[in-house]
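See below for the structure under consideration.
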Amino acid sequence: MLSAQELKLGYDDKVIVPQLSLEVDTGRIHCLIGPNGCGLSVLLRPWSAC
């Protein structure tokens, strides 16, 4: 399981997601759904380096 608690995400000194807590079970498929500009790419950016 991947667990993240009280993350703040942003770029260029702009806060895009002020507070995020997330738990993702291993062996399962998850998706993020939201409108354009709501911060989904910002949310995924830290994990792309793993």
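The values are calculated or read from the model by the stated rules, or taken from the named source; none is laboratory data. Computed from a prediction, not measured in an experiment: that's the story for all the values here. Positions of Cβ are backbone-derived with ideal geometry, glycine not excepted, and every protein chain shown enters the neighbour counts.
I need the full set of residues from region 1-40 which are touching a strand residue (DSSP E or B) at 6+ places or on another chain (Cβ under 7 Å) and polar (S, T, N, Q), in order please.
Taking region 1-40 and keeping what is touching a strand residue (DSSP E or B) at 6+ places or on another chain (Cβ under 7 Å), we get 1-10, 15-24, 30, 39.
Within region 1-40, S3, Q5, Q19, S21 meet the criteria.
Find the residue count for region 5-34, including only residues that are over 14 Å from R45 (Cα atoms) and not in a strand (DSSP E or B).
Count: 10.
Tally up the residues in region 1-17 that are surrounded by 10 or more Cβ atoms within 10 Å (Cβ to Cβ) and within 16 Å of G39 (Cβ to Cβ), please. Give the steps one after another, and end with the answer.
In the first step, residues of region 1-17 are kept if they are surrounded by 10 or more Cβ atoms within 10 Å (Cβ to Cβ); the result is 2, 4, 7-11, 15-17.
Subsequent filtering for residues that are within 16 Å of G39 (Cβ to Cβ) retains 4, 7-11, 15-17.
Qualifying residue count, region 1-17: 9.
Look through region 21-38, keep the residues that are surrounded by 10 or more Cβ atoms within 10 Å (Cβ to Cβ) and of a type in the set (A, V, I, L, M), and return whichever of them is modelled with the highest pLDDT.
Among residues in region 21-38 that are surrounded by 10 or more Cβ atoms within 10 Å (Cβ to Cβ) and of a type in the set (A, V, I, L, M), the one modelled with the highest pLDDT is V24.
So which residues in region 10-44 are among the aliphatic types (A, V, I, L, M) and in contact with a Lys or Arg (Cβ under 8 Å, 6 or more places away or on another chain)? Even if it seems obvious, please write down each step before you answer.
Filtering region 10-44 down to residues among the aliphatic types (A, V, I, L, M) leaves 15-17, 20, 22, 24, 29, 32-33, 40, 42-44.
Across region 10-44, the qualifying residues are V15, V17, L20.
Could you check region 2-35 and list, in sequence order, the residues that are in contact (Cβ under 8 Å) with a residue 24 or more places away in the chain and of a type in the set (V, I, T)?
I16, V17, T26
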